[in-house]
Amino acid sequence: MKKQIASLVLATAMVSTMAACSGGSAPAGGSTAAGTTAAATAAPAGDTKAAGDTTTAAAGGEAAASGEVFKLGAYLQLSGGNAAYGIEARNAIQMAVDHVNENGGFNGAQVEFVPYDTQGSAEEAVKIVSKLVEVEKADAVIGSVNSSEVFAAAGSLNKQGIYTIGLGTSPSWMEEDWPYVFRAAMNNGFAVPITVNMLEDLEMKSVAVFYGQDDASLATGNSFMEECKARGIEVVKSESYDQGDTDFSAQVANLISAKPDCIYISVIGETGPVIVKQLRQYGYSGIIFDKESFMASQVAIAGAENSNYIAFANPYVTYNTIDECDIPEVKEFLEKYQAKYGEIAKTDSSYRGWDTVMVMWEASKIAGKNDSDSLKDATNKISGLQGLGGILDYTKGNREGYNTFNSFILIDGKNILWKDWIANGGYDEYKTATGNEK
């Protein structure tokens, strides 16, 4: 998979160079800088600001008037099938940028946020990165929620020494020797052993696996199967799908016919709820383990009745209402998000976006400077930073902020801590309710 992506980078880099040399026109395929019509139409109802409107409160006026600006670029999927995730990430980044600007900016410099739409394409992400560097002169860049796009584009940013934080969750791109590239979201690879622990908690001996061909899904699915085999849990069946597929009936039938103790899905975006719905429609009532959280937006698609007994490990969980949230930092974030955009955030991409800007801001405070080398070095010194998913700590030297996190199970639309569910007899209640032995 890495070789395929590497080939894509080589091919698209040539296109990117040609685009840069032709005067830095907007990327092909309709990708637009913040503030243009295409970016504005991607905003959710109730948001009257265009994507790149960098108007800030009066508190940051002096720095802006003095001409001190820190340009923060981003490449995000803002259109297409999984656009909801990119849009919520962009919204949260803009909200965080406004907060930073209202509180002094990056060492007095106002942050100007410039997001571009990748349209869900790794090739487009490479073109956009070229424009962010050559035309926008971005001081730092935030990478896509889609790990395939980060893998394709972040290497170029690292080579040019540009401070970057990616939003994707795949293990693979953080395995590269890219010292300027960090993450303030979960690493799916870190979730794998935690998830297999959950199978062992229930003494499950077999599992069927369904995974996608995108970078995050493929890498995590393979890692999960390797971990299961190492611990003596049999992978009785594995199935995959291609991006864009919507009918999974054949794969679902094969998974169920293998009679596993449980099913693990390693998928992205809105593919997850479609698969869950089809699994339930075909009669599977067992526990579904997910590579990441099953979010409120996904429950709405799968249906609440189909979303029971989905388990996962993740720093973040989403909520149907703000009142459901009992984590003070997350509740405050959700209140701000709803006040700004007219609705509660329904994906954890919004949490990732907020945490990413907070990490960048903390690095600027530690460094006392805004250049990439100083921000890079300062990020490696961050510890004890309260994020929406727990405490962010980069002192391990792996460029990852979250190194461990909790596990949950979704029941009746609520995320319950796995350890509490086990301790309170939840597994016995599940077996009674479903008639399953496992």
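Just a few scattered comments:
- Cβ separations smaller than 9 Å between residues 6+ apart or across chains give the following pairs from the stretch 331-344 residues that are surrounded by 15 or more Cβ atoms within 10 Å (Cβ to Cβ) to residues that are outside any helix (DSSP H, G or I) and among the basic types (K, R): K340/K49.
- Of the residues making up the stretch 139-150, not a single one is under 18 Å from T379 (Cβ atoms), surrounded by fewer than 24 Cβ atoms within 10 Å (Cβ to Cβ) and hydrophobic (A, V, I, L, M, F, W, C).
- Residue within the stretch 150-165 that is farther than 30 Å from A109 by Cβ and polar (S, T, N, Q) present: no
- Residue list for the stretch 229-253, filter: among the charged types (D, E, K, R) and either within 26 Å of S121 (Cα to Cα) or part of a helix (DSSP H, G or I) (or both): K229, E239, D242, D245, D247
- If the condition is being in a helix (DSSP H, G or I) and crowded, with 23+ Cβ neighbours inside 10 Å, then the stretch 254-288 contributes L255, T271, G272, I275, V276, L279.
Every residue, every condition in (1) without any contact (Cβ under 8 Å) to a residue 24 or more places away in the chain; (2) outside any loop (DSSP other than H, G, I, E, B), yes or no:
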position	(1), (2)
A138	no, no
S148	no, yes
A154	no, yes
I165	no, yes
D177	yes, no
F182	no, yes
E200	no, yes
Y211	no, yes
M225	yes, yes
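- Exclusive hit being free of Cβ contacts under 8 Å to residues at least 24 places away in the same chain, in contact with a Phe, Trp or Tyr (Cβ under 9 Å, 6 or more places away or on another chain) and assigned by TED's automatic domain parsing to the domain that holds D348, set K131, K159: K159
- Qualifying residue in the stretch 333-344 (condition: touching an Asp or Glu at 6+ places or on another chain (Cβ under 8 Å), of a type in the set (D, E, K, R) and more than 16 Å from N188 (Cβ to Cβ)): yes
The values are calculated or read from the model by the stated rules, or taken from the named source; none is laboratory data. What you see is a predicted model, and the numbers here were worked out from it, not measured in a lab. Reconstructed Cβ throughout: ideal geometry from the backbone, glycine too, with neighbour counts over all protein chains shown.
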